[in-house]
Amino acid sequence: MSESPEPLPKLSRNGHALHCIRCLSGLPSSQMEMDASRLALVFYCLGSLDLLGVLESKSSNTDREAWREWVWEQQATGGYGTGFRPSSFMIGAGSNAAEYGEYDAPHLIMTYTALLSLSILRDDFSRLNRAGLLKFLEHCQRSDGSFCSFPNSTESDLRSVYCAFAISSMLDDWSGIDVPLALSFISRCRTYEGGYGQEPYAEAQGGTTYCALAAIHLAVSSPSKSLSTPPLTPAQRRQTIRWLVHNQHASGGFRGRTEKDPDACYCFWCGASLQILDVKALVDTRPLTEFLGKCQFKFGGIAKAPGEHSDPFHTYLSLAALGIYPPEIPEESWRFDTLDPLLNAKEDTARWARDNIPLKPRS
Amino acid sequence: MDTPPALYAEDPAWADVVPIPQYEGVSPLAPIFYTPEYKDATDYFRGILKTGETSERVLELTERIIRMNPAHYTAWQYRYKTLLALGSNLEDELRLMDMYCIKYLKTYQVWHHRRLLVTLLLPAPSTSPSPSPSSNPNPTHLQTSNPTLALLQLQEELDFISRCLSADTKNYHTWSYRQWLLSYFNHPRLWRGEVKWVERLITEDVRNNSAWHHRFFVVFASGHGEKGEDAVREEIAYAKQKISLAPNNASVWNYLRGVLDHTHMPYSTLKSFVEPYTVEQEGRSEDVVDLEDPLPSAGAELPCALAIEFLADVHEQEGGVEAVRKAVELWKSLANEYDTIRKKYWEYRIREALATQQ
Ligand SMILES: [Zn+2]
């Protein structure tokens with residue numbers, strides 16, 4: 001290091017953990033928009049506690065047992081197979097929550113976050129309806145290779161594609177999806193800048209670029225299926241790396257699109273993308289850490305930018321970014337276990353998922 | 001008009017509907033403290049779904065839920081179904097949505113609903129390269145059969161998008177909606193005005209990457225832009241002009257690289273243009289005006305890291321010991337002086353270039 005940098009502020013680990021515990025115990029009415037994606041929010045809270053290494057110390061066995069029960073309650077089976085709902089927001093009192101109808105079907109993105117949440121909680125997955133899950137994936141894939149977020153929905157984008165790949169990878173069973181077709185959809189989302197947009201023709205964006213790269217590499221690295229598709233050509237790889245490193249702003253934080261302001265969540269989306277491309281050493285971790293340090297909210301949690309309010313999404317993704325890029329001279333409060341960038345979970349949680357979610361445990 | 005009661009539970013017009021409260025199972029994680037209005041409306045919504053009623057009041061109910069939670073995808077889904085079942089005037093719905101698109105600009109569902117409506121309102125050409133968002137076959141009775149009228153409606157839709165973008169110039173949903181609209185309806189007349197239109201947005205904010213991306217989409221990616229060498233030359237001249245006004249703008253450099261990559265032109269084509277941007281601003285005779293290769297504007301901050309990077313790429317592409325040595329010098333200047341945040345990246349470029357030379 002050329003100049004002696006200012007000492008890092010402390011990472012308020014306890015404050016961030018308490019922010020997540022508070023959200024798990026209840027959300028104010030200003031958060032009503034989370035009604036249709038609550039399970040994802042739960043994942044960000046549990047994931048933050050997992051990354052901070054305080055899941056056990058901040059909750060009792062009884063708490064975690066109750067949390068597992070709630071996540072399992074979102075699993076439902078019906079005509080399009082099995083998946084997890086965001087919450088009981090569309091289920092009527094008195095109905096059988098284990099079955100769904102036309103208007104309370106499971107959701108693909110929620111299903112991915114449910115499997116990770118249960119892995120964080122070290123569930124044995126004996127209740128997982130694996131055959132139903134494969135059927136669900138099959139029903140969600142569209143003729144252009146993309147995936148709908150729920151059966152018969154017309155909403156589809158790269159996020160759902162990533163979730164379908166991550167679920168297949170955790171199941172160690174790719175029979176539910178047409179991988180080459182999905183890969184061709186992903187390649188149609190690539191833009192002249194070297195990133196990927198949310199759908200064909202859309203602007204390159206950090207989050208969807210992560211989804212594209214992680215999906216491609218999950219498929220390629222799947223042990224049970226040797227896909228012959230090369231992930232990226234050398235020229236594409238060079239171009240994508242260039243675009244990603246240029247998204248690091250002089251302040252240390254990453255932005256999601258060219259010439260926009262930096263935002264804490266893109267420290268993960270772009271940072272994890274670089275790790276997936278095997279070049280994480282190219283990131284200057286010190287300014288990255290300093291930026292995230294400034295995004296800490298005084299009452300706990302991490303915000304998208306300095307001076308903004310915190311939320312579980314940005315808290316989790318900032319901590320996950322630190323799992324990839326811990327500061328070089330780690331002050332104790334900034335120390336993290338390593339992260340699995342493809343599944344977006346702490347390494348031992350990802351290992352738990354891969355050991356327990358497949359039908360037959362690998363020998 | 002009287003204001004309707006705040007709660008459906010107190011509204012005689014809803015007395016025949018049995019509200020269904022939300023399922024309560026095991027102790028919930030991250031429960032949301034609903035407002036009484038939201039709880040009431042969603043209770044009646046579940047009641048409606050049970051009977052399968054599709055009626056005017058269901059449209060009002062779903063609208064009320066959407067106003068409280070625009071991300072409620074089931075409310076949107078059922079609203080759409082109800083509109084179809086009632087044979088409602090979708091023009092009216094679109095006008096209502098004009099307001100919602102601006103109010104809930106950042107919500108995916110608002111824009112998705114709009115795609116569904118527009119797909120039903122207008123006939124899709126059979127050559128459309130984009131899939132329809134709707135899985136239903138288009139009910140032809142809803143569509144206008146007059147092609148001139150259809151074009152007019154599409155033009156109106158583009159105007160609407162322009163108004164939304166003036167409120168939020170980089171909104172991702174709004175831009176993707178425009179790109180979808182153009183590629184889905186794929187009307188030759190529609191494409192024609194796009195370059196001029198987006199030029200205005202770039203003039204307003206030369207760092208609006210969404211606008212640059214759109215320009216690339218229209219001219220190159222869509223396959224509907226002007227073709228031929230003249231068009232490529234024009235795009236390069238346009239980018240050079242914008243660089244001369246504000247060189248430290250990654251959007252325009254990415255655009256320029258995109259054009260060269262897309263047309264397989266060597267970067268060395270622009271070597272003499274780029275060079276003046278890689279050195280410090282010096283006193284020069286102002287009367288030398290080179291239209292082909294505009295010089296940096298007087299106030300430009302130089303040297304420009306993006307120009308140095310470009311010139312290094314020119315040398316690297318050229319190959320050979322001497323050229324690579326020049327590239328390495330430039331990368332070193334980026335690593336140590338002009339773009340230190342990417343020091344590790346520039347050092348990596350040096351290693352890679354030297355390795356391929358061995
Ligand atoms: Zn963010």
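The values are calculated or read from the model by the stated rules, or taken from the named source; none is laboratory data. Predicted, not measured: the structure shown is a model, and the values here were computed from it. All Cβ positions, glycine included, derive from the backbone under ideal geometry; neighbour counts span all protein chains shown.
Here are the numbers for the structure shown:
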{"quantity": "Helices (runs of 4 or more DSSP H) lying entirely in segment B:38-130 (those with 3 or more residues that are touching a Ser or Thr at 6+ places or on another chain (Cβ under 9 Å) and within 14 Å of chain A (Cβ to nearest Cβ))", "calculated": "B:56-68, B:73-86, B:108-121"}
{"quantity": "Test for A:S117: is it more than 10 Å from chain B (Cβ to nearest Cβ), crowded, with 19+ Cβ neighbours inside 10 Å and either modelled with pLDDT of 95 or more or part of a helix (DSSP H, G or I) (or both)", "calculated": "no"}
{"quantity": "Elements of type helices (runs of 4 or more DSSP H) contained in segment A:232-328, each with 1 or more residues being within 11 Å of the ligand (Cβ to nearest atom) and either within 17 Å of the chain's Cα centre (by Cα) or among the aromatic types (F, W, Y) (or both)", "calculated": "A:264-276, A:312-324"}
{"quantity": "Cβ-Cβ under 9 Å pairs, at least 6 apart or on other chains, segment B:256-272 side modelled with pLDDT of 95 or more, far side polar (S, T, N, Q)", "calculated": "B:R257/A:Q239; B:G258/A:T191; B:L260/B:T269; B:D261/A:Q239; B:P266/B:Q317; B:Y267/B:Q317; B:S268/B:Q317"}
{"quantity": "Single residue of A:T191, A:T208 found to be β-branched (V, I, T), outside the structural domain of A:P86 (by the TED database), surrounded by 22 or more Cβ atoms within 10 Å (Cβ to Cβ) and farther than 26 Å from A:T349 by Cβ", "calculated": "A:T191"}
{"quantity": "Pairs, first more than 12 Å from every other protein chain (Cβ to nearest Cβ) and under 19 Å from A:G197 (Cβ atoms) in segment A:261-282, second within 16 Å of the ligand (Cβ to nearest atom) and among the charged types (D, E, K, R), C-beta under 6 Å, six or more apart", "calculated": "A:D263/A:K304; A:Y266/A:R255"}
{"quantity": "Selection status of A:I186, outside the structural domain of A:G256 (by the TED database), under 28 Å from B:R215 (Cα atoms) and hydrophobic (A, V, I, L, M, F, W, C)", "calculated": "yes"}
{"quantity": "Test: residue in segment B:180-191 that is in contact with a Phe, Trp or Tyr (Cβ under 7 Å, 6 or more places away or on another chain), away from chain A (no Cβ under 11 Å), part of a helix (DSSP H, G or I) and not aromatic (F, W, Y)", "calculated": "no"}
{"quantity": "Selection within segment A:82-110 - outside any loop (DSSP other than H, G, I, E, B), more than 16 Å from A:A40 (Cα to Cα) and within 26 Å of the chain's Cα centre (by Cα)", "calculated": "A:T82"}
{"quantity": "Residues located in segment B:207-225, provided they are of a type in the set (A, V, I, L, M, F, W, C), at the interface with another protein chain (Cβ under 9 Å from one of its Cβ atoms) and more than 11 Å from the chain's Cα centre (by Cα)", "calculated": "B:F216, B:F220, B:A221"}
{"quantity": "Selected residue [at pLDDT 95 or above and within 8 Å of chain B (Cβ to nearest Cβ)] from A:F84, A:F43, A:F89", "calculated": "A:F89"}
{"quantity": "Residue in segment A:343-354 that is more than 14 Å from chain B (Cβ to nearest Cβ), assigned to a loop (DSSP other than H, G, I, E, B), within 16 Å of the ligand (Cβ to nearest atom) and not aliphatic (A, V, I, L, M) present", "calculated": "yes"}
